[in-house]
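Here's the structure we're looking at; comments come further down.
The values are calculated or read from the model by the stated rules, or taken from the named source; none is laboratory data. As the structure is a computational prediction, the values presented were derived from the model and not from experiment. Cβ: placed from backbone, ideal geometry, glycine included. Neighbour counts: every protein chain shown.
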Amino acid sequence: MYPILCDGVELMICEDDYGERFYCARNAAGEEYTVSYPIVKALMRADGTRPLRLPEDEPDLLAELQSCSLVQTSRLVKGKEYDRLILFTFGDKVRKARPLCRLLNAALPAGSVLAFLTGTAFLSWQNSGRVQVDDYSLLLFYALVIVSLFMHEAAHFIAAVAYGYPVSEAGVILFLKIIPACLYVGHGRKKNAAKGEEIQLALAGIEANLLAAGLLFFVAALWEDQSMTFFAAAVSNIFIIIANLVPAKGMEDDGEVALNCLFEVKSIYSAAKKCVRNKKRRRKLIRSAGLSGIACIALFRLILFTNEKHILWTGFIIFSPMVFMMLYCNA
């Protein structure tokens, strides 16, 4: 892979005691290095999509930049909490796809709801709410779930490009260094981003899963031989939506980001904790907001549960689809 800027690297313009300006690069460990302007310009374009344009008279410069933890050429990026494997890198070329992304992103919220309602209604009408349980393909089921996960991240990518966020990479989050945990799309922050843009960027993946569930319900009604396989994949998408909507401990999931933007707080968990555990705050919220306040308190209690009882919540997300399918098949 072409060189890419390491996480946490800062490029700065500094001044010495005499007011003379010079350039510095600081890595994630806080170590600072004085660099020339051509190197700074090259580092600013180090997005993994092109070779670095370094001074030709310094052949060992790239190795030196790597040893200083300023750039890296490996697709495996080691972090404090988890590692990630970079599959794709994006540069300025994504700007060409912005018109198409704007169109798709604008249609996604309403389109996903419409597809889900249409799929569930068609399945209920076609088979009276029942599906054939005789044939079931485990391989096809896993393939459909993987496609759904790709749709989730593709929706985040489309929303980020549509709103002008700098999209840098996409890949896989690794658990315990080797186990693939989930997919991700890496993007930077956008200055003066509207609240609606931030919320839609967070919820785009959930909307994609809602769209996938609706399409899978529709196919389950048409393809009788594998209706149970498509039905199970649709149910899995619903539980993926639940897992992403409610914040869980140690994961900055889509629901947490959206709620942070909606309530304009840094951490929805901290806000929920202050409200639920303070009787005066609860009463004040109910008096001022009525039923909306009661709904907020119920949501805050759920957020506290998923964070403080995260083992139970994780177990619910993992095993509930299997329990649901067993109960459905035996009903």
>> With the requirement that a residue be farther than 24 Å from R21 by Cα and modelled with pLDDT under 85, what does the range 58-76 give you?
In response: P59, D60
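Got a sec? Which of L52, L62 is within 30 Å of E153 (Cβ to Cβ) and either in contact with a Phe, Trp or Tyr (Cβ under 8 Å, 6 or more places away or on another chain) or aliphatic (A, V, I, L, M) (or both)?
Values: L62 fails: within 30 Å of E153 (Cβ to Cβ).
When all the criteria are applied, what remains is L52.
Residues of the range 38-68 being of a type in the set (S, T, N, Q) and more than 16 Å from M1 (Cα to Cα), which ones?
First pass over the range 38-68, keeping only residues of a type in the set (S, T, N, Q): 49, 66-67.
Answer for the range 38-68, where residues must be of a type in the set (S, T, N, Q) and more than 16 Å from M1 (Cα to Cα): just S67.
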> Exactly one of (1) on the phi > 0 side of the Ramachandran plot; (2) at pLDDT 85 or above is unmet by N192. Its number?
Replying inline: (2)
>> Checking the conditions here, which among A298, A220, A212 is assigned to a helix (DSSP H, G or I), farther than 30 Å from F175 by Cα and touching a residue at least 40 places away in the same chain (Cβ under 8 Å)?
In response: A220
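Conditions (1) charged (D, E, K, R); (2) without any contact (Cβ under 8 Å) to a residue 24 or more places away in the chain; (3) not in a loop (DSSP other than H, G, I, E, B), marked per residue:
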{"position": "M1", "(1), (2), (3)": "no, no, no"}
{"position": "M12", "(1), (2), (3)": "no, yes, yes"}
{"position": "D17", "(1), (2), (3)": "yes, yes, no"}
{"position": "Y33", "(1), (2), (3)": "no, no, yes"}
{"position": "A42", "(1), (2), (3)": "no, yes, yes"}
{"position": "R50", "(1), (2), (3)": "yes, no, no"}
{"position": "L65", "(1), (2), (3)": "no, no, yes"}
{"position": "K93", "(1), (2), (3)": "yes, no, yes"}
{"position": "L100", "(1), (2), (3)": "no, yes, yes"}
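Examine the range 177-197 for a residue that is part of a helix (DSSP H, G or I) and either under 21 Å from D83 (Cα atoms) or in contact with a helix residue (DSSP H, G or I) (Cβ under 8 Å, 6 or more places away or on another chain) (or both), and state whether such a residue exists.
Residues of the range 177-197 that are part of a helix (DSSP H, G or I), as a first pass: 195-197.
The next check asks that each one be either under 21 Å from D83 (Cα atoms) or in contact with a helix residue (DSSP H, G or I) (Cβ under 8 Å, 6 or more places away or on another chain) (or both); those that pass are 195, 197.
Looking for residues that are part of a helix (DSSP H, G or I) and either under 21 Å from D83 (Cα atoms) or in contact with a helix residue (DSSP H, G or I) (Cβ under 8 Å, 6 or more places away or on another chain) (or both), one finds at least one in the range 177-197, hence yes.
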> What number of residues within the range 101-127 are farther than 20 Å from A212 by Cβ and at pLDDT below 95?
Replying inline: 1
>> If I filter the range 19-28 down to residues being in a loop (DSSP other than H, G, I, E, B) and within 32 Å of the chain's Cα centre (by Cα), which single residue comes out as modelled with the lowest pLDDT?
In response: A28
> Do we have any residue at all in the range 215-230 that's within 27 Å of L85 (Cβ to Cβ) and among the hydroxyl-bearing types (S, T, Y)?
Replying inline: no
> Among all residue pairs at least 6 apart or on different chains, which show Cβ distances below 8 Å where the first residue, located in the range 169-187, is touching a residue at least 24 places away in the same chain (Cβ under 8 Å) and the second is surrounded by fewer than 17 Cβ atoms within 10 Å (Cβ to Cβ) and among the small types (G, A, S)?
Replying inline: V172/A181; I173/A181; L174/A181; F175/A181
>> Name the residue that is surrounded by the most Cβ atoms within 10 Å (Cβ to Cβ), counting only residues in the range 239-290 that are of a type in the set (S, T, Y) and either modelled with pLDDT of 85 or more or part of a helix (DSSP H, G or I) (or both).
In response: Y269
> Are there any pairs, at least 6 apart or on different chains, whose C-beta atoms fall under 6 Å, with the first in the range 259-282 and farther than 14 Å from A202 by Cβ and the second among the basic types (K, R), and if so, which?
Replying inline: C275/R281; V276/R301
>> For the condition at pLDDT 90 or above, of a type outside the set (V, I, T) and under 24 Å from F263 (Cβ atoms), what is the one hit in L144, L149, L215, L201?
In response: L201
>> Given the criterion part of a loop (DSSP other than H, G, I, E, B), in the same structural domain as L216 (by TED's automatic domain parsing) and surrounded by 11 or more Cβ atoms within 10 Å (Cβ to Cβ), identify the matching residue among G111, G79, G8.
In response: G79
